[in-house]
Amino acid sequence: MARVSQAHLDARRRQILDGAAVCFARNGFHATSMQDVLKEVDLSAGAVYRYFSGKEELIAAIVSEVLGQVRTSFEEAARLDPPPPPDVLVTEVLGRTLAARASLTVDGKPAFPRLVVQVWTETLRNDELAAILREGYCAVRAAWGRIVEVYQAAGTMRADVPPDHVARTMIAVVLGFLAQQSLFGPAPVEVLGDGLRALMSVSEAEGRPVRSQLG
């Protein structure tokens, strides 16, 4: 029997993961069956089960891959001197994440934002997936926190705000942007970058925090 190359195995695994991601984005994790995945990727059950034991392993692999890539990008940025400013950094990382999955569509629209919403919904009833997501996001938060520490040490970001507070905010901004894309349709990542840059331009009077005049 001819030996199957690693490149072939990797390509087949990619085919299965991408097909499963489209299915989950289209119908949600709970409503998607393994038969749906087999039909999407046009492979036999044996071919798919060689790589993944079922839906749970598929969604875990998809989530781990995405969060691992994002974490690595931020960890690399933390080693730069100096790292790019937040608006540039978020735009670059999110842009790469979306571009890598641009071929995955549902009804002609990008599947990835829909997939993110579906994954978060599934964590409400899937403790194992919630644990995977929590671990991944904690790693991303830690990487963002290290970037904030570099900003603060360089004097480019105020030092009286805990780095983890900034990290949580940046993650919330990205997730909110993806949720908007799922609801309102695609938007270029430059929209997010422009918004962040505008917020970063708000100055403080004489170095003191600006107090709200509301209520």
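The values are calculated or read from the model by the stated rules, or taken from the named source; none is laboratory data. Remember, predicted model here, so these are calculated numbers, not experimental data. Glycine also receives a Cβ, built like all others from the backbone with ideal geometry; neighbour counts cover every protein chain displayed. Heads up: the accessible areas ignore ligands, DNA and RNA and are worked out on the full protein's heavy atoms, side chains in. Shrake-Rupley method; radii C 1.70, N 1.55, O 1.52, S 1.80 Å.
If you take the residues in region 106-120 that are out of contact with any Lys or Arg (no Cβ under 6 Å at 6 or more places or on another chain) and not in a helix (DSSP H, G or I), which one is least open to solvent (accessible area, probe 1.4 Å)? If you could, list the steps in order and put the result at the bottom.
Just the residues of region 106-120 that are out of contact with any Lys or Arg (no Cβ under 6 Å at 6 or more places or on another chain), to begin with: 107-111, 113-120.
Those still in the list that are not in a helix (DSSP H, G or I) too: 107-111.
Values: Asp107: 145, Gly108: 71, Lys109: 112, Pro110: 54, Ala111: 4 Å².
Per the criteria, the residue is Ala111.
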Going through region 154-170 one residue at a time, which ones are at pLDDT 95 or above and in a helix (DSSP H, G or I)? Pro163, Asp164, His165, Val166, Ala167, Arg168, Thr169, Met170
Looking only at region 28-43, filter to residues that are open to solvent by 60 Å² or more (accessible area, probe 1.4 Å) and modelled with pLDDT of 95 or more; which one of those is nearest to Glu65 (Cα to Cα)? Glu40
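In this structure, does Val88 turn out to be open to solvent by less than 70 Å² (accessible area, probe 1.4 Å), part of a helix (DSSP H, G or I) and under 20 Å from Arg141 (Cα atoms)? It would help to see each step written out before you state the result.
Values: open to solvent by less than 70 Å² (accessible area, probe 1.4 Å): yes; part of a helix (DSSP H, G or I): yes; under 20 Å from Arg141 (Cα atoms): yes.
Here the answer is yes, as Val88 does meet what is asked.
Against the definition (assigned to a loop (DSSP other than H, G, I, E, B) and surrounded by 15 or more Cβ atoms within 10 Å (Cβ to Cβ)), how does Leu80 come out, yes or no?
Numbers: assigned to a loop (DSSP other than H, G, I, E, B): yes; surrounded by 15 or more Cβ atoms within 10 Å (Cβ to Cβ): no.
No; evaluated as a whole, the condition is false for this residue.
Name every residue in region 23-39 that is within 23 Å of the chain's Cα centre (by Cα) and of a type outside the set (Val, Ile, Thr), in order of residue number.
Once the filter is applied, which keeps residues that are within 23 Å of the chain's Cα centre (by Cα) and of a type outside the set (Val, Ile, Thr), region 23-39 yields Cys23, Phe24, Ala25, Arg26, Asn27, Gly28, Phe29, His30, Ala31.
This table checks each residue for (1) closer than 30 Å to Phe29 by Cβ; (2) open to solvent by 60 Å² or more (accessible area, probe 1.4 Å); (3) touching a residue at least 24 places away in the same chain (Cβ under 8 Å); (4) acidic (Asp, Glu).
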| position | (1), (2), (3), (4) |
| --- | --- |
| Glu122 | yes, no, yes, yes |
| Val140 | yes, no, yes, no |
| Ile147 | no, no, yes, no |
| Pro163 | no, no, no, no |
